[in-house]
Amino acid sequence: MFSVFKKLKWFFKAYWKRYTFAIVALVLASMIDLIPPKLIGMAIDNIQYGTLTWQSLWNVLLLYGVLIILSYTISYLWDYNLFGGAAIMEKLIRTRLMNHFLKMTPTFFGKYRTGDLMARSTNDLKAISMTTGFGVLTLVDSSIFMFMIIAVMGFTISWKLTLAALLPLPVMAVVMQKYGNIIHERFMKAQNAFGDMNNEVLESIRGVRVIRAYVQEEQDLKRFNQMTADVYRKNLEVAKVDALFEPTMKILVGLAYTVGLGYGAMLVFENILTLGELVSFNVYLGMLIWPMFAVGELINVMQRGNASLDRVNETLDYSADVESPDDPVLMEKPDRILFDRVRFSYPGSNQYQLDDLCFSVEKGQTIGIVGKTGAGKTTIFRLLLREYPGLEGCLSISGIPIEELDLQHIRSWIGYVPQEQILFSKTIRENIRFGKKNAEDKEIYRVMDAAHFLDDLKALPQGLDTKVGESGVTLSGGQKQRVAIARAFIKDPEILILDDALSAVDGKTEANIIKHLKRVRNNKTTFISAHRLSAVEHADKIIVLDGGKITEIGTHEQLLEIDGWYAAQYKQQQLEEQEVIS
């Protein structure tokens, strides 16, 4: 059960001063709380024997007032430091998780679904935070405070009566341990079910247009209700065990009270105890209720925290498939890019997506990559971005294998516009500035003009301050593409990758964007993949892929002379355009 503290020793070691102060203050506050019951017992004995005077009563009341002020002050200090530490823990792990997510490759996100990752970043994190806050509190109260109360009862009143009243404690320990094991198992299942439900909700929100288009609202709601019912059932199973803690504790505490009152009364009748001591004993016994409850809460919190920490650590322990070398080769700017007999297959795949790929790209060249769907165009770009491991052959930049270069350095050279544009639910200005921090509006308007988006911008209600909504939902497909292109343009990267990024724009817009590329990227490398061959006509080199292999390579004119797939496809598209015009 206490293994969770062992797993978190790195945190307690880093913040030992805060937690030491909190625990010491908590113990001091507990010691102060032990004094008033003794004062009550002494006052009752003075009343019984007629020795109570106004002076002694005022002294007791004054001391009581001082103790209240001290207890309040010290309690504030331990509460602030202890639960402040829990907030620090939550912040630290949340930051570690976010940093971890940003370093992960697509393989990781293929294994862990977004909804499950969100569950681990929210519910599980709260459970861990509870462990470092409320868990430490219950640990101290169920051990140190409990033993302090028992010691005061035994040493200052009666050991016999104390031992008799505490007979139910061994039973409580056995029962609480059993409850804790059951809670750990059921809580893990409940958290997994919550992660599945989260993922279902995210997918439904993202695909709401498709759901409506296919009139699947009722079916989607039915699936959601089934998942919420499953989460409810699993959490109910946890609640059933959780609900047993309090009644069990009440029974045990009730037995302790029964023994204490019965046996204590007998000791008073035999003049072994005074009435005041019996009253003090019962007050202490009442104070013992919380530490006994704390034992149950401690086991509950520890088991939940342990289960959640295991889930979070499982995520954090996942090593990135692609990492920077320990001693990377430094390079200011990329020059020649060479694919030398490159072969690659995605993790879990039994066949190569790229096979024996050989071509070179000189600095400043524009490279067009075309081919059938699934030919391997995007895979080439993913290798340049180093998203996957397992590359065979050699992919080098300026003669240096890409594996020897710093990962962040490589990506800082690249401006990437993927097939599926990702826009953040912010304003258009903020989305463009993602490519260049603190870019001025003048620069933003320039790249938006280059992306042929200025006319669309004028039609938007708040111009650059228009919020694009979740994943750019308020914009059309073509508008999202052009905002993404503008974001890449403003970065002015050494290597620009347009992965079928012109598919949703019309021919005139495409021509304007290509014209801009030819004008401003004379000394910088550009990759363009496209299904519409007009987007790559101007390229210095066009590569035709089929099944991950290069079948044709050359300029537009050379490929037309070869009269292969490229020429046939180009002629077909020209005929289609003429039919549309006519």
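Within the set of other residues whose C-beta is less than 12 Å from the C-beta of Leu316, count the net charge using Lys and Arg as +1 and Asp and Glu as -1. Don't jump to the answer; show the numbers that get you there.
Values: positive: Lys7, Arg94, Arg96, Lys103, Arg120, Arg311; negative: Asp124, Asp310, Glu314, Asp317.
Result for the neighbourhood of Leu316: +2.
Largest first and to the nearest Å, give the Cα extent of the range 10-139 along each principal axis.
Extents along the principal axes: 83, 25, 17 Å.
What does the highest-first list of 401-414, 295-308, 19-32 look like by mean Cβ count within 10 Å? Display every interim value, and only then the final one.
Details: 401-414: 16.6, 295-308: 24.8, 19-32: 18.1.
Per-residue mean Cβ counts within 10 Å order the peptides as 295-308, 19-32, 401-414.
Students often check this: by mean Cβ neighbours within 10 Å, which of 557-565, 537-545 ranks highest, and how do the rest follow? Please list the in-between numbers first.
Working: 557-565: 13.9, 537-545: 20.3.
Ranking, from highest mean packing down: 537-545, 557-565.
Give the percent of DSSP beta bridges with both residues in the chain that are antiparallel, rounded to the nearest 5. If you can, show how the numbers build up before the last one.
Values: 18 of 37 bridges.
Once the DSSP bridges in the chain are tallied, antiparallel ones form about 50 percent.
What is the distance, in nm, between label points placed 7 Å from the Cα along the Cα-to-Cβ direction at Asp356 and at Phe155?
In this crude spin-label approximation the distance works out to 8.7 nm.
Between beta-carbons, use under 12 Å as the cut-off and find the net charge around Leu137, counting Lys and Arg +1, Asp and Glu -1. Walk me through the intermediate numbers first.
Numbers: positive: none; negative: Asp79, Asp141, Glu297.
Once all neighbours under 12 Å are counted, the net charge is -3.
If you add up the charges near Ser396, with Lys and Arg at +1 and Asp and Glu at -1, over every other residue whose beta carbon is less than 11 angstrom from its beta carbon, what do you get? Before the final figure, lay out the partial values.
Details: positive: Arg336; negative: Asp335, Asp340, Glu403, Glu404.
Net of charged neighbours comes to -3.
From the helices alone, meaning DSSP H stretches of at least four residues, give me the mean residue ellipticity at 222 nm for the chain, per-run term -39500 (n - 2.57), in deg cm²/dmol to the nearest 500.
Values: 25 runs with 367 residues, N = 582.
It lands at -20500 deg cm²/dmol.
Using alpha-carbon positions, what is the distance between the centroids of the range 299-369 and the range 105-171, in Å?
41
We did not get these values from a lab; they are worked out from the coordinates using the rules stated. In this text, all values refer to a predicted model and were calculated from it rather than measured experimentally. A quick note on method: Cβ atoms are made from the backbone with ideal geometry, for glycine too, and the neighbour counts reach across all protein chains shown.
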